[in-house]
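The values are calculated or read from the model by the stated rules, or taken from the named source; none is laboratory data. Here the structure is a predicted model, which means the values were calculated and not measured. Here the Cβ positions follow ideal geometry from the backbone for every residue, glycine too, while neighbour counts run over all protein chains shown. Ligands, DNA and RNA are excluded from the accessible area calculation, which covers all protein heavy atoms including side chains. Shrake-Rupley method; radii C 1.70, N 1.55, O 1.52, S 1.80 Å.
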Amino acid sequence: MKPATFEYHRVGTVGEAVERLGELGEDAKLLAGGQSLVPMMNFRLARPPALVDISRVAELRYLTREGDTLRIGALTSHLAIERMDAPELLDGFSFLKEAAHWVGHYPIRTRGTFGGSVAHADPAAEWCLLAVLLDAEIVARGPGGERTIAAADFLLGFLTNALDPDEVLVEVRFPRPASRAALHEYARRRGDFAIVAAAVAVDVEEDTCRSARIVIGGVDDVPVRIGEAEAALAGSRLEAEAIEEAAQAAARAVDPASDIHGSAEYRRHLTAVLVTRALGEARGSEDGARSKNGAG
Amino acid sequence: MNDVHLITITVNGRPSEVAVEARRTLADVLRHDLGYTGTHVGCEHGICGACTVILDGEPVRSCLIFGVQADDATVETVEGLAGDDGLDALQESFSEQHALQCGFCTPGFLMLATALLRANPEPTDDEIRDAVASNLCRCTGYQPILAAVRQAADRAASPDTAGSEGNGWGVWEPHVDVPREAEQPGGQ
């Protein structure tokens with residue numbers, strides 16, 4: 001189908017975008033990469049009366065490291081993350097480059113943006129999972145200036161975020177490196193939306209897991225942390241039995257819905273499988289890395 | 001009241017000025033306003049990839065971009081591939097490997113693979129498979145498309161030797177049932 005009519009406004013700076021959003025009212029939408037918004041408009045699931053196109057706002061296209069923190073400009077494309085090659089970016093953040101490979105298809109990754117994906121708040125989106133997993137901070141700019149929102153507070157529900165209508169998501173910050181973090185997911189076709197996705201991060205000292213984080217996407221309105229599965233790993237050596245225990249704990253803890261893409265039971269099964277794969281990769285086993293090239 | 005914008009767009013090296021309604025997708029601008037009907041429109045929500053074109057050097061779904069966003073941009077479509085001396089190397093490989101049947105998806109696959117081979121001239125089989133998974137084909141079963149991209153990459157890598165020899169997915173050959181005596185119990 002074709003989208004309904006709308007007014008198009010192109011802006012060159014964040015300041016102009018905020019101003020224009022204020023003038024146009026709360027039904028106006030920002031257009032960044034458009035890879036989620038335009039399909040919804042083509043099917044008239046979304047009919048915004050006006051779009052403010054920020055895709056040429058150069059000040060939002062950057063990837064920088066400041067001490068422990070990685071700062072990702074909102075308009076950084078998925079492809080730019082996938083092509084990250086500077087040692088100072090990869091050190092402790094290579095999980096982002098690995099995960100970028102799961103985001104959409106190649107011609108989607110060229111246009112789709114990091115900030116757009118987080119703002120879209122799809123509960124199975126890779127960047128949303130990783131943001132929740134690693135306590136990312138979302139920076140929003142509005143008429144009153146900037147504020148920072150924790151990822152877990154930013155994702156309010158299915159396709160719902162905490163931005164005010166005249167705020168622009170300008171940056172996502174990952175506060176700390178995570179050298180042992182990994183994301184795995186399953187979709188019927190490589191690059192399609194994940195039916196279930198699992199992101200994990202483990203903190204290992206002297207072969208012992210000090211703490212673990214496990215977040216599952218595709219099983220609720222937002223990515224969910226699974227405390228029971230995390231507890232199963234703390235103090236373990238990430239041996240196969242501990243990983244199995246965590247995987248089963250995660251499968252028991254999630255409460256997915258059934259839909260056309262899979263039954264609740266199937267999603268539970270996928271949860272266990274994907275937690276196992278992700279932990280295998282995070283631990284540093286080749287099994288995890290291999291399975292990534294297989295399914296999905 | 002429709003929102004109309006005047007844009008400048010360069011398609012296959014030829015600049016044009018065109019007035020477009022804001023809601024007109026790049027795919028429709030190419031097809032209806034500029035006559036580049038080689039770009040096909042399938043699903044209009046970014047799943048099938050039939051409308052893939054190269055925009056400022058990168059492959060994109062032209063159904064997921066508004067024409068007004070392509071103001072001052074450079075676009076390459078399937079019409080730009082063949083030269084005065086015929087099909088380009090990738091198109092030749094598609095032909096030789098029977099990587100098309102009805103042809104509806106072919107322009108999208110050609111532009112996708114063109115972009116892939118420019119960005120990564122020596123892709124692994126897995127990288128080709130990953131890129132080709134972006135688009136849908138309802139005829140070929142994909143193996144001939146993979147074989148065609150592989151062949152084009154291999155020929156570009158060593159133009160003197162690559163050609164008729166096999167590749168990762170095997171060169172397509174017509175299947176001919178030849179009864180073998182050993183498989184005919186009792187013999188005839």
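Some points to look at:
- Charge tally in the Cβ shell below 13 Å around A:R56, where Lys, Arg are +1 and Asp, Glu are -1, A:R56 excluded: -3
- The calculated FRET efficiency for the pair A:E26 and A:I260, based on their C-beta separation and a Förster distance of 41 Å, comes to about 0.80.
- Counting Lys and Arg as +1 and Asp and Glu as -1 over every other residue whose Cβ lies under 13 Å from the Cβ of B:A152, the net charge comes to -2.
- One decimal place: the segment A:E16-A:S211 gains 65.8 nm when fully extended, by the rule 0.36 nm per residue minus the C-alpha distance.
- Long-range HN-HN contacts of A:G112 with modeled amide H, under 5 Å: A:H78
- When A:E244, A:E23 are compared by accessible area at a 1.4 angstrom probe, the order from most to least is A:E23, A:E244.
- Each part reduced to its alpha carbon centroid, the range A:39-86 and the range A:150-205 end up 14 Å apart.
- When the accessible areas of A alone and B alone are added and the area of the pair subtracted, with a 1.4 Å probe, the result is around 3000 Å², both sides summed.
- Heavy atoms of B:I47: accessible area, 1.4 Å probe, square angstrom to 10: 60
- Where chymotrypsin sites (Phe, Trp or Tyr not before Pro) fall in DSSP loop in the range A:134-236, at most 14 other Cβ within 10 Å: A:F158
- For B:S16, distant residues with modelled amide H under 5 Å away: B:I9, B:T10, B:V11
- Here each label is just a point 7 Å from Cα along the line to Cβ, and for A:S179 and A:R44 those points are 5.6 nm apart.
- Based on protein heavy atoms only, the protein assembly as shown ends up with 45 Å² per residue of surface accessible to a 1.4 Å probe.
- Top positive-direction residue, dipole computed over chain A with Cβ charges, set A:A125, A:A253, A:I54: A:I54
- Lys, Arg +1 and Asp, Glu -1 on Cβ, resulting dipole of the range A:7-53 about Cα centre, debye, nearest 20: 260
- Karplus (6.51, -1.76, 1.60) ³J(HN,Hα), θ = phi - 60°, over the range A:81-90, in Hz, Gly and Pro reported as x: 5, 4, 9, 3, 9, 5, x, 6, 7, 6
- Among beta bridges from DSSP that stay inside the range B:4-80, the antiparallel ones total about 85%.
- Among A:H78, A:H261, the sequence by solvent-accessible area, most first, with a 1.4 Å probe is A:H261, A:H78.
- Nearest 10 degrees, 0 to 90: helix A:14-24 Cα axis against chain A principal axis: 60
- FRET efficiency for the pair A:A152 and A:T5, taken as 1/(1 + (r/R0)^6) with r the Cβ-Cβ distance and R0 = 51 Å, rounds to 0.85.
- Computed from point charges on the beta carbon alone (+1 for Lys and Arg, -1 for Asp and Glu), the dipole magnitude for the range A:185-291 about its Cα centre is near 380 Debye.
- Accessible area of A:S258 in the full protein assembly, 1.4 Å probe (Å², nearest 10): 80
- Cα centroid separation - the range A:241-270 against the range B:1-36, whole Å: 48
- Area of A:R176 that stays accessible when all protein chains are in place (1.4 Å probe, Å², to 10): 120
- Long-range HN-HN contacts of A:V204 with modeled amide H, under 5 Å: A:R210
- Using a probe radius of 1.4 angstrom, the carbon and sulfur fraction of the accessible surface of the protein assembly as shown is 48%.
- Loop-located trypsin sites (Lys or Arg not before Pro) in the range A:172-205 (DSSP state other than H, G, I, E, B) with a sparse environment of at most 13 neighbouring Cβ atoms within 10 Å: A:R188, A:R189.
- Cα centroids of the range A:4-35 and the range B:130-160: 40 Å apart.
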